[in-house]
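J.: Here you go, one structure.
The values are calculated or read from the model by the stated rules, or taken from the named source; none is laboratory data. Since the structure is predicted, the reported quantities are computational estimates derived from the model, not experimental observations. Cβ placement follows ideal geometry from the backbone for every residue including glycine, while neighbour counts extend to all protein chains displayed. These accessible areas exclude ligands, DNA and RNA; they are computed on the full protein's heavy atoms, side chains included. Shrake-Rupley method; radii C 1.70, N 1.55, O 1.52, S 1.80 Å.
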Amino acid sequence: MSHTAKSTVSSSQPDQLAGVTGQAPARAGELRAAMVQALLDEGAIRSGPVATAFATVPRHLFAPGETLETAYAPLGTVMPKRDADGLLLSVISAPNIQAMMLEPAEIEPGMRVLEVGSGGYNAALIAELAGPGGQVITADIDPDVTARARASLDAAGYQRVRVVLGDAEHGVPDGAPYDRIIVTAGAWDIPPAWISQLGPDGLLVAPLRMRGLTRTVTFEKESDELVSRHYQLAAFVPFQGDGAHADRKVMLRDGIVLHTDNPYLRIDAAALNAALDSPRLELWTGARYDFPDEVSLFTTMNSPDVVQLRASQHAVDQHIVGRGALHGTPAIISADSIAYRTSRQVSEESAQYESGVIAHGPQAEQVARQYADLLQRWAQDYCRRGTALFRYRPGGTVPDHLPLDATAVVKRHGVLTVTWP
């Protein structure tokens, strides 16, 4: 986008907050301005139009029952609906996540935009960007979510946004073609409807799940395929309905879980659990530790035997696994051994860190070396942000020849390839 964001934000935007009971509209305006400034400082907002949209939409009207401070927390997620087991079914994403999706979408006045997965607030932001001449549709499968979105949009003055109840796996045909389709739930695949309903110069922004990871990818059309122009780290509530895909979660012991979407990967939970009780092997690579989300993507996509290892604080405190497993880290497994990434500071005087591998089990040395080779290759050839290229082939087959550092993941409706050119 050609617009440049200003470095400061005024709290004197026109406000639609008079209906807030017991909370001063001025306070909401101050918190909103502070939120926008924080997003500018973080780099989540990079353009003037996106900054203006965030400074205009009263986010707290989309977060009923929450305090103003919670509603306007720059990194705060509002969680309005869970199922009987406590699993999140719907959230209003944190402002920084929404900004980082809207920036690469490059929405311009007059555009037709479909939002897949509704909370109301993001649709209002899109409406600000598309302007009075644009058309915005937000769709969700959950009637509670669409009812809440409709009520919130009306309360905030966005009656022009159309709210649709339906399974967004099939898109919304009567509003197509769309200049932009923005998906706000974790999608395991890209349905044919999204591609057919996207205009020839359109962009699709979707959080795509693969091998236990999620990356929000901005795709553009290239002939009959989709090719990425931007991607970033993301975490979203998974899709419901026809597009749902249940990932595998294998518990090794209390507080230690392996996560993958590969139904064919053999995981011997008993053997891998026993491996964790064996002596720890540490292998240091000499490779720089940086851009951990990029390293995770590279190692995950370039090993067929990878899972995501996640552990509780208690398991880390007991030194069963390293601290990297707290937030999830790729692990390479064999029948009875496991290896995962770690790091250490090069020296007390240095701010640099070195990549290493921790491994357990009878084949610890073998899986550790396999992992170390990937870390060294990434550090040597790709140690920077944005080096991967995603390509989606609808209804396609796995290419006969893939270059080094490339992989193909077969999905329900097509094939996703990820390469490091």
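J.: Given the options 215, 323, 112, which has the most mean-square fluctuation in a GNM of the chain, springs set between C-alpha atoms less than 10 angstrom apart?
T.: 323
J.: Could you order the peptides 30-36, 139-145 from most to least packed, using the average number of other C-beta atoms within 10 Å per residue? Walk me through the numbers before you get to the answer.
T.: Values: 30-36: 21.1, 139-145: 19.0.
Descending mean neighbour count gives 30-36, 139-145.
J.: I'd like to compare 409-420, 98-109: which one has the highest average count of other Cβ atoms within 10 Å, and what's the full order after that? Could you put the intermediate results ahead of the total?
T.: On the way: 409-420: 18.4, 98-109: 21.8.
Packing order, densest peptide first, comes out as 98-109, 409-420.
J.: Just the accessible area per residue of the chain, please: how many Å² with a 1.4 Å probe? Mind dumping the intermediate values first?
T.: On the way: 18070 Å² over 421 residues.
Here the per-residue accessible area is 43 Å².
J.: What does the charge count near residue 273 come to, summing +1 for each Lys or Arg and -1 for each Asp or Glu among other residues with Cβ under 12 Å from its Cβ?
T.: On the way: positive: 253; negative: 254, 268, 277, 336.
Within the 12 Å Cβ shell, the charges total -3.
J.: Rounded to a whole number of µm²/s, how large is the Stokes-Einstein D of segment 84-227 at 10 °C and 1.306 mPa s, given Rh as the Kirkwood radius over C-alpha pairs?
T.: Answer from the Stokes-Einstein relation: 104 µm²/s.
J.: Here's something else I'd like to know. Count the net charge of all other residues whose Cβ sits under 15 Å from the Cβ of residue 129, scoring Lys and Arg as +1 and Asp and Glu as -1.
T.: Summing Lys/Arg as +1 and Asp/Glu as -1 gives -2.
J.: Related question: For residue 248, which sequence-distant residues (separation of 5 or more, or a different chain) have an amide H within less than 5 Å of its own amide H, given hydrogens modelled in the peptide plane?
T.: Answer set, sorted by chain and number: 260, 261, 262.
J.: Further, regarding this structure: Quick check: convex hull over the Cα atoms of segment 151-296, volume per residue in Å³, rounded to an integer? Spell out each step's value before the answer.
T.: Working: hull volume 28.3 nm³, N = 146.
Value for segment 151-296: 194 Å³ per residue.
J.: How large is ³J(HN,Hα), in whole Hz, for each residue of segment 298-304 in order, when computed from phi with the Karplus curve 6.51 cos²θ - 1.76 cosθ + 1.60 and θ = phi - 60°, using x for Gly and Pro?
T.: Per-residue couplings from phi come out as 5, 5, 5, 7, 10, 9, x Hz.
J.: If we count every other residue with Cβ under 11 angstrom of residue 305's Cβ, Lys/Arg +1 and Asp/Glu -1, where does the sum land? Intermediate results must be reported in sequence, preceding the final value.
T.: Working: positive: 211, 266; negative: none.
Neighbour charge sum, excluding residue 305 itself: +2.
J.: Which order do the peptides 46-53, 309-316, 335-342 come out in when sorted by mean C-beta neighbours inside 10 angstrom, highest first?
T.: Working: 46-53: 20.2, 309-316: 18.4, 335-342: 23.5.
So the peptides 46-53, 309-316, 335-342, ranked by packing, come out 335-342, 46-53, 309-316.
J.: Moving on. Quick check: at a probe of 1.4 Å, how many percent of the accessible area of the chain sits on carbon and sulfur atoms?
T.: Details: 9240 of 18070 Å².
After summing per-atom areas, the C and S share lands at 51 percent.
J.: Would you please give the FRET efficiency between residue 160 and residue 327, computed as 1/(1 + (r/R0)^6) with r the Cβ-Cβ distance and R0 = 45 Å, to the nearest 0.05?
T.: Values: r = 40 Å, r/R0 = 0.89.
The computed FRET efficiency comes out at 0.65.
J.: Put +1 on the Cβ of every Lys and Arg and -1 on every Asp and Glu Cβ in segment 168-276; which of 274, 252, 170 then has its Cα farthest towards the positive end of the dipole?
T.: Of the listed residues, the answer is 274.
J.: Could you go through segment 129-143 in sequence order and give the Karplus-derived ³J(HN,Hα) for each residue, using 6.51 cos²θ - 1.76 cosθ + 1.60 with θ = phi - 60°, rounded to whole Hz, and x for Gly and Pro?
T.: Working through the residues one at a time gives 6, 6, x, x, x, x, 10, 10, 10, 10, 10, 8, 7, 9, x Hz.
J.: Taking the Cα centre of segment 144-252 as the origin, how large is its charge dipole in debye, to the nearest 20, when only Lys and Arg (+1) and Asp and Glu (-1) carry charge on their Cβ atoms?
T.: Working: 12 positive and 14 negative charges, 102 e Å.
Dipole about the Cα centre, nearest 20: 500 debye.
J.: Viscosity 1.306 mPa s, temperature 10 °C: what is the translational diffusion coefficient of the chain from Stokes-Einstein with a Kirkwood Rh over Cα pairs, rounded to a whole number of µm²/s?
T.: This corresponds to a translational diffusion coefficient of 69 µm²/s.
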